[in-house]
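J.: Please read through the structure below; I'll follow up with questions.
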Amino acid sequence: MLLFGKQMTALQKRSLRIFTGYFILMVALSTFAREVFEHSHPSRAAIYLLSFLPALPVVAMVVVIGRYLGRETDEFVRKLVVQALLWAMGITMVGDTILGAVNQYNFLPGLLPILNIEAFWITALIALHIQLWRNR
């Protein structure tokens, strides 16, 4: 499997496969919870459960990334991944702050805060791609 034109190690393939599975599970659970909230009147206990469920795969994704970073032997690749995660965190936080301020005045009703995690991981992948391209 190629990642941005470079051969991936077995650790990278396995971590990416597990991460992708948890990402898909998180999207499915988020979609399920949103549909339940929109089309029914769940009990208080169900509301807490439905709010908590999409967070479980997010925790698992953080664990997968942490385990990957702990096992990655190439320090340069590890540095690039950490930098990509930092860029993603910064960009997501800035975007969230801006959208939070705009949403406070109801200019953009209906924003989905759960999309923060998708924005974070997509931004991390873009940042990693840019860093790999820049360091060719």
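The values are calculated or read from the model by the stated rules, or taken from the named source; none is laboratory data. For clarity, every value in this text was computed on a predicted model and none was experimentally measured. Positions of Cβ are backbone-derived with ideal geometry, glycine not excepted, and every protein chain shown enters the neighbour counts.
J.: Would you pick out the residues in region 59-85 that are of a type in the set (Asp, Glu) and more than 11 Å from Ser15 (Cα to Cα)?
T.: Asp74, Glu75
J.: State whether one or more residues within region 94-116 are at pLDDT 85 or above and under 19 Å from Ala33 (Cβ atoms).
T.: The answer is no, given that none of the residues of region 94-116 is at pLDDT 85 or above and under 19 Å from Ala33 (Cβ atoms).
J.: Return the residue satisfying two criteria in turn: it lies in region 49-105 and is in contact with a helix residue (DSSP H, G or I) (Cβ under 8 Å, 6 or more places away or on another chain) and acidic (Asp, Glu), and of such residues it is nearest to Ala28 (Cα to Cα).
T.: Asp96
J.: Return yes or no: is Ala33 at pLDDT 90 or above, outside the structural domain of Ile117 (by TED's automatic domain parsing) and farther than 20 Å from Trp121 by Cα?
T.: no
J.: Which numbered condition trips up Gln83, out of (1) of a type in the set (S, T, N, Q); (2) exposed (fewer than 14 other Cβ atoms within 10 Å of the Cβ); (3) in a helix (DSSP H, G or I)?
T.: (2)
J.: Evaluate the following for Leu49: is it surrounded by 14 or more Cβ atoms within 10 Å (Cβ to Cβ) and aliphatic (A, V, I, L, M)?
T.: Details: surrounded by 14 or more Cβ atoms within 10 Å (Cβ to Cβ): no; aliphatic (A, V, I, L, M): yes.
Against the criterion (surrounded by 14 or more Cβ atoms within 10 Å (Cβ to Cβ) and aliphatic (A, V, I, L, M)), Leu49 does not qualify.
Here is a yes/no grid of residues against (1) at negative phi; (2) part of a helix (DSSP H, G or I); (3) at pLDDT 90 or above:
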position: Leu50; (1), (2), (3): yes, yes, no
position: Pro57; (1), (2), (3): yes, yes, yes
position: Met61; (1), (2), (3): yes, yes, yes
position: Thr73; (1), (2), (3): yes, no, yes
position: Trp87; (1), (2), (3): yes, yes, yes
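J.: Only one of Trp133, Trp121 is loosely packed, with under 11 Cβ neighbours inside 10 Å, touching a Phe, Trp or Tyr at 6+ places or on another chain (Cβ under 9 Å) and part of a helix (DSSP H, G or I). Can you tell me which?
T.: Step by step, each of Trp133, Trp121 is checked, and only Trp133 is loosely packed, with under 11 Cβ neighbours inside 10 Å, touching a Phe, Trp or Tyr at 6+ places or on another chain (Cβ under 9 Å) and part of a helix (DSSP H, G or I).
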